[in-house]
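Written below as structure tokens is the structure these notes are about.
The values are calculated or read from the model by the stated rules, or taken from the named source; none is laboratory data. All figures in this text were calculated on a predicted structure; none of them were measured in a lab. Methodologically, a virtual Cβ is constructed for each residue, glycine included, from the backbone with ideal geometry; neighbour enumeration extends over all protein chains shown.
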Amino acid sequence: MSPLDINIIRSKFPFLKTIKNKDFIYFDNAATTQKPETVINAISNFYTNENSNIHRSVHRIGAVATKKYEDTRWIVKDFISARSAEEIVFTSGATEAINLVANSFVKPMLCETDIILASSLEHHANLIPWQMIAKETGATIKMLPIKKAEFIQNSLEQEELDYTINLVELKEFLSTHGDRVKFIAAQHISNVNGGIQDVKELTKLAHSFNIPILIDGAQAAAHIEVNVQDIGCDFYCFSGHKIFGPTGVGVLFGKSLLLKRFQPYQYGGGIVQRVENASTIFREAPQNLEAGTPNIAGVIGMGAAIKFITNVGLQNIQKQELSLKKYLRSKLNKIEGISIYQGHNSLKLNKLFSSPVFSFNVNGVHHYDLAVLLAENNILVRSGDLCSQTFMRVLGVSGCVRASLSFYNTRAEIDAFLLSLKKAIKLLKG
């Protein structure tokens, strides 16, 4: 499907073409994406024709369900270029994936003198789990050094002034404290400003001090090619609902040798090899990390979503999103009193693209009031701290408005958004 015909693309998303939603402009894609018909049909078909448990039944329907579930493991493996399907663990989302790594891998190896490194740029899901296991073990959590930027209002130069991890300062810190640092967790793309971290260089630096690293790819997988072998990271995670798939399902990639060290963090059926009255022998990963009946329909739906992305083509998606991003940015720059908190593509990792996330405030206007007025005009955006209060403090604000685009959005929608935004600002400023 190249080049993209946006009308054909939009016709594949029921939410975007149903009569009751025809006037909605959906600019909240960093929160969750809309679902194409192929995903909805895959889920519906499972419940209509193939509803069965997996890995347990000898009947044909059970075999079909099991095959589709396990086929998705291979689909994910290819999607992120993992070495083996055995490196793919299905979870309820990125949040559970991070908690799984924290509790099953990192926590058992921590002691009071150890350090975990995360960053103040993270979504709460990639910060709080590390805080909790540090508290439970007596270890210390420290923030990765970041490059701070001064904001230049109404200027394209601001696009080059983002908040990224300062690898030079990090190397200096690890040179003196590296033996105490047991784990590093960092985002791939920010849900606040769309900035893209140089996760490959970050991983190289971590590994030069023998430190394992997790990359939170929740905001990346729908926008850029993810190659975990090229990145070299030990763990990578993302959620299905942010890649045009269903809610309640996600992925943890983990290197095979490290997954074998995991202690199961939930217990139940499907993860055991042998059970005695007082002891249990568990299966190997990834099966021993997927206790109980999983979200079978969700996994199948996520597989359909990845096929959809593959058929459209990530390069096509990137080109469309880059065009929309440049257009919206050029228009926002002309609004008086606006501060745009938008990151850039760290070290130009992909010259075609940086994430189409626009977080902003307007002088003299509260972000919540602005979002409410936009919602009254059927413009769907996000406001608040965006589940990243620490990043808000770095920015020096309590919250902001976030308009986040996807490739199925249009310039006409951007024009309507801008018209409503200007009217809302005028009304709120009196």
Query raised in the report: Of the residues that sit in region 87-134 and are small (Gly, Ala, Ser), touching a residue at least 60 places away in the same chain (Cβ under 8 Å) and not in a loop (DSSP other than H, G, I, E, B), which one is surrounded by the fewest Cβ atoms within 10 Å (Cβ to Cβ)?
Result: SER104
Report task. Please work out if PHE209 is touching an Asp or Glu at 6+ places or on another chain (Cβ under 9 Å), more than 30 Å from GLN315 (Cβ to Cβ) and in contact (Cβ under 8 Å) with a residue 12 or more places away in the chain. Result -> yes
Requested in this report: Scan (1) closer than 30 Å to ASN409 by Cα; (2) touching a residue at least 60 places away in the same chain (Cβ under 8 Å) for the single condition ALA82 breaks and write down its number.
Outcome: (1)
Report task. Could you tell me whether any residue of region 180-193 is in a loop (DSSP other than H, G, I, E, B), touching a His at 6+ places or on another chain (Cβ under 8 Å) and crowded, with 21+ Cβ neighbours inside 10 Å? Result -> yes
Query raised in the report: Within region 260-279, which residues are assigned to a loop (DSSP other than H, G, I, E, B) and either surrounded by 11 or more Cβ atoms within 10 Å (Cβ to Cβ) or in contact with a Phe, Trp or Tyr (Cβ under 9 Å, 6 or more places away or on another chain) (or both)?
Result: LYS260, ARG261, PHE262, GLN263, PRO264, TYR265, GLN266, TYR267, GLY268, GLY269, GLY270, ILE271
Report summary line: Considering residues that are part of a loop (DSSP other than H, G, I, E, B) and either farther than 18 Å from SER239 by Cβ or in contact with a strand residue (DSSP E or B) (Cβ under 6 Å, 6 or more places away or on another chain) (or both), the number found within region 26-50 is 4
Query raised in the report: Only one of (1) in contact with a helix residue (DSSP H, G or I) (Cβ under 6 Å, 6 or more places away or on another chain); (2) in a helix (DSSP H, G or I); (3) not assigned by TED's automatic domain parsing to the domain that holds ALA412 fails for ASN288. Which number is that?
Result: (1)
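Each row is one residue, and each column tells you yes or no for (1) in contact with a helix residue (DSSP H, G or I) (Cβ under 6 Å, 6 or more places away or on another chain); (2) closer than 30 Å to ALA371 by Cα; (3) among the hydrophobic types (A, V, I, L, M, F, W, C).
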| residue | (1), (2), (3) |
| --- | --- |
| ALA30 | no, yes, yes |
| LYS35 | no, yes, no |
| ASN45 | no, no, no |
| THR48 | no, no, no |
| ARG56 | no, no, no |
| VAL64 | yes, no, yes |
Report summary line: Residue pairs within 8 Å by beta carbon, gap of at least six or interchain, first lying in region 1-25 and among the acidic types (Asp, Glu), second at pLDDT 75 or above, listed first then second, are ASP23/ASN378
Query - Qualifying residue in region 329-344 (condition: in a loop (DSSP other than H, G, I, E, B), farther than 13 Å from HIS223 by Cα, among the hydrophobic types (A, V, I, L, M, F, W, C) and in contact (Cβ under 8 Å) with a residue 24 or more places away in the chain) - result: yes
Query raised in the report: Say we look at region 52-79 and pick out the residues that are under 18 Å from the mean Cα position of the chain (by Cα) and buried (at least 23 other Cβ atoms within 10 Å of the Cβ); which of these is nearest to VAL312 (Cα to Cα)?
Result: PHE79
Query raised in the report: When you look at ASP230, is it over 26 Å from ILE115 (Cα atoms), out of contact with any strand residue (DSSP E or B) (no Cβ under 6 Å at 6 or more places or on another chain) and either among the aliphatic types (A, V, I, L, M) or surrounded by fewer than 20 Cβ atoms within 10 Å (Cβ to Cβ) (or both), yes or no?
Result: yes
Query raised in the report: Out of curiosity, is SER57 of a type outside the set (Lys, Arg), outside the structural domain of GLY217 (by TED's automatic domain parsing) and without any contact (Cβ under 8 Å) to a residue 12 or more places away in the chain?
Result: no
Report task. Would you point out the residue of region 255-285, among those that are more than 27 Å from the chain's Cα centre (by Cα) and either outside the structural domain of ALA102 (by TED's automatic domain parsing) or of a type in the set (Gly, Ala, Ser) (or both), that is nearest to ASN99 (Cα to Cα)? Result -> GLY268
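Name the residues in region 135-149 that are outside any loop (DSSP other than H, G, I, E, B) and not basic (Lys, Arg), would you?
First pass over region 135-149, keeping only residues outside any loop (DSSP other than H, G, I, E, B): 135-137, 140-143, 146-147.
Of everything in region 135-149, those that are outside any loop (DSSP other than H, G, I, E, B) and not basic (Lys, Arg) turn out to be GLU136, THR137, THR140, ILE141, MET143, ILE146.
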Query - Residue check, ASN7 part of a helix (DSSP H, G or I) and at pLDDT 95 or above - result: no
Requested in this report: From (1) closer than 16 Å to PHE308 by Cβ; (2) surrounded by 14 or more Cβ atoms within 10 Å (Cβ to Cβ); (3) of a type in the set (Gly, Ala, Ser), pick out the condition that doesn't hold for SER44.
Outcome: (2)
